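Working notes, beginning with the structure itself.
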Amino acid sequence: MAKRVSRSGTFECGTDVEHAFALFTPEGEKQWAARWNFEPIFPVGSPTSENDVFLTGTSDHSEGPSVWIVTRYSRGGHEIEYQRVDPGVKVGRIRVQCRETDERRTEVRVEYVYTGLSEKGNAFVEHFSVDEFTRMLTHWSNAIDHFLTTGQKLPHP
């Protein structure tokens, strides 16, 4: 029987909402996330848009590639949503919404929903705790603030 977990939380970053939102596109995340890399499948070389397809985990010795689909991209609404499929393991929905708090601050709301497709996926779901999710968001916040301040990536813990 499949297991499911949902997590959501917010953090703030010290930049305007347009710049903050751009950091959550596949290309934008490469600027601040130490381990983030992706391989565009379709289209190649275009700005982010709905129905883009890309892979992660193709060159980092992981257990196989993850397939990602941009299922929602609203530049004006500052919202992006991804569906992630780890074949035979789990599927997930990741949604990021950015909201201006003032001209130099942005609130970032992040939502994850994972569903296990196997015992291994269910084990992942069971271990994706509130504490783990909070640590992840804290790292994101610190890594983005470090990038905005220094232009450099913060090493992943």
Q.
I'd like the Karplus ³J(HN,Hα) series for region 117-125: coefficients 6.51, -1.76, 1.60, θ = phi - 60°, whole numbers in Hz, and an x wherever there's a Gly or Pro.
A. 10, 7, 4, 4, x, 5, 5, 4, 4
(Q) If the elastic network links every pair of Cα atoms under 10 Å, which of His139, His127, His78 fluctuates the most in the Gaussian network model of the chain? (A) His127
Q) Restricting attention to region 101-132, which GluC sites (Glu not before Pro) occupy a DSSP loop and are surrounded by at most 13 other Cβ atoms within 10 Å? A) Glu103
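Give the order of Glu50, Glu79 when sorted by the count of other beta carbons within 10 angstrom, beginning with the fewest.
Glu50, Glu79
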Q.
For a distance above 21 Å, tell me the whole-number percent of Cα pairs in region 4-150 that qualify.
A. 45
Q) What is the order of Asp16, Asp102, fewest Cβ neighbours within 10 Å to most? A) Asp102, Asp16
Q: Kindly provide the trypsin sites (Lys or Arg not before Pro) of region 96-157 that DSSP labels as loop, not H, G, I, E or B, and whose Cβ sees at most 14 other Cβ atoms within 10 Å.
A: Arg104
**Q.** Environment charge at Tyr114 (Cβ cut-off 15 Å; Lys +1, Arg +1, Asp -1, Glu -1)
**A.** +2
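Using a 10 Å cut-off around each Cβ, can you sort Trp36, Trp140 from fewest to most neighbouring Cβ atoms? Let's see the in-between values first.
Values: Trp36 16, Trp140 22.
Least to most surrounded, the residues fall as Trp36, Trp140.
No lab work stands behind these numbers, since they all come straight from the coordinates. This one's a predicted model, so the numbers in the text were calculated from it and none came from an experiment. Don't worry about glycine lacking a Cβ; one is built from the backbone with ideal geometry, like all the others, and counts go over all protein chains shown.
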